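Each reported figure results from applying straightforward, stated rules to the coordinates on display, with no laboratory input. Computed from a prediction, not measured in an experiment: that's the story for all the values here. No Cβ is skipped: glycine too gets one built from the backbone with ideal geometry, and neighbour counts run over all protein chains shown.
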Amino acid sequence: MNIKDKIKLFGMSHQMMQRDLDRVEQTYSLDLQREPSAQSDLDETYYPQFDEAVRKEAAEMAIHYQLFYCLEMSIRQIVKGKLEAEHGSGWWNKTVPEPIRKNAEDNQKKEIDSAVTPRSAELIDYTTFGELGEIVRTNWMTFNDTFNSQKAFTKIMNSLNVLRGPIAHCSPLAPDEVVRLKITLSDWFRLME
């Protein structure tokens with residue numbers, strides 16, 4: 001594993017430690033003053049109008065969203081970093097399968113045509129989670145020093161993609177699925193050892 005990957009792994013480990021501190025704060029009703037209260041960021045006009053049970057569920061799901069956001073963004077960084085290092089600035093056109101490139105371009109165009117602020121200038125940010133896995137599998141020789149098994153990579157990415165559904169589409173994770181997410185994330189980090 002190169003130094004860049006080790007630094008990324010360190011960053012992800014830090015995020016997992018932050019998650020553990022969040023759990024300690026919640027379990028013992030503590031505020032360790034690590035950051036400003038999230039309550040101060042809530043919209044005071046609309047948020048209080050939602051049912052209390054929905055607000056509580058949203059707060060419980062927020063940590064899963066944050067965790068998955070960090071994971072997905074780190075995967076995008078790994079993919080871009082490795083492919084750009086090996087293939088140069090034209091890595092996108094050289095290494096990404098044409099259907100994925102086209103889908104990303106279509107997604108970007110939809111945003112532009114909708115007159116919303118584009119999420120990114122990078123086409124990789126318009127790929128789906130499943131497409132990220134396909135990019136890695138297509139270019140496995142570039143990633144075989146980052147992930148220790150292609151078969152395990154595929155299995156873990158498939159599991160994460162299934163777990164991502166409820167998180168991304170505003171549905172609560174069942175308690176078993178919270179456990180499954182933790183185990184799968186543990187598998188993900190072991191895959192990078």
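Taking the Cα centre of the chain as origin, sum charge times position over the Cβ atoms of Lys and Arg (+1) and Asp and Glu (-1), and report the length of that vector in debye to the nearest 20.
Dipole about the Cα centre, nearest 20: 860 debye.
Counting pairs of alpha carbon atoms under 8 Å apart in space and at least six apart in sequence, what relative contact order in percent does the chain give?
22
Identify the trypsin sites (Lys or Arg not before Pro) of segment 1-98 meeting these criteria: DSSP loop state and at most 10 other C-beta atoms within 10 Å of the C-beta.
Sites meeting the loop and neighbour criteria: 34.
For the chain, what does the helix formula give at 222 nm: sum of -39500 (n - 2.57) over DSSP H segments with n ≥ 4, over the residue count, nearest 500 deg cm²/dmol?
Only helices count here, giving -23000 deg cm²/dmol.
Springs between alpha-carbon pairs under 10 angstrom, Gaussian network model over the chain: which of 79, 162, 24 fluctuates most?
24
For a 26 Å ceiling on Cα separation, which of these pairs sit above it: 80/102; 8/109; 4/151?
Violating the 26 Å limit, Cα to Cα: 8/109.
How would segment 2-108 be classified by its alpha-carbon gyration tensor: rounded, prolate or oblate, with rounded meaning a/c under 1.5 and the a/b versus b/c comparison settling the rest?
Oblate, because a/c is 1.5 or more while a/b does not exceed b/c.
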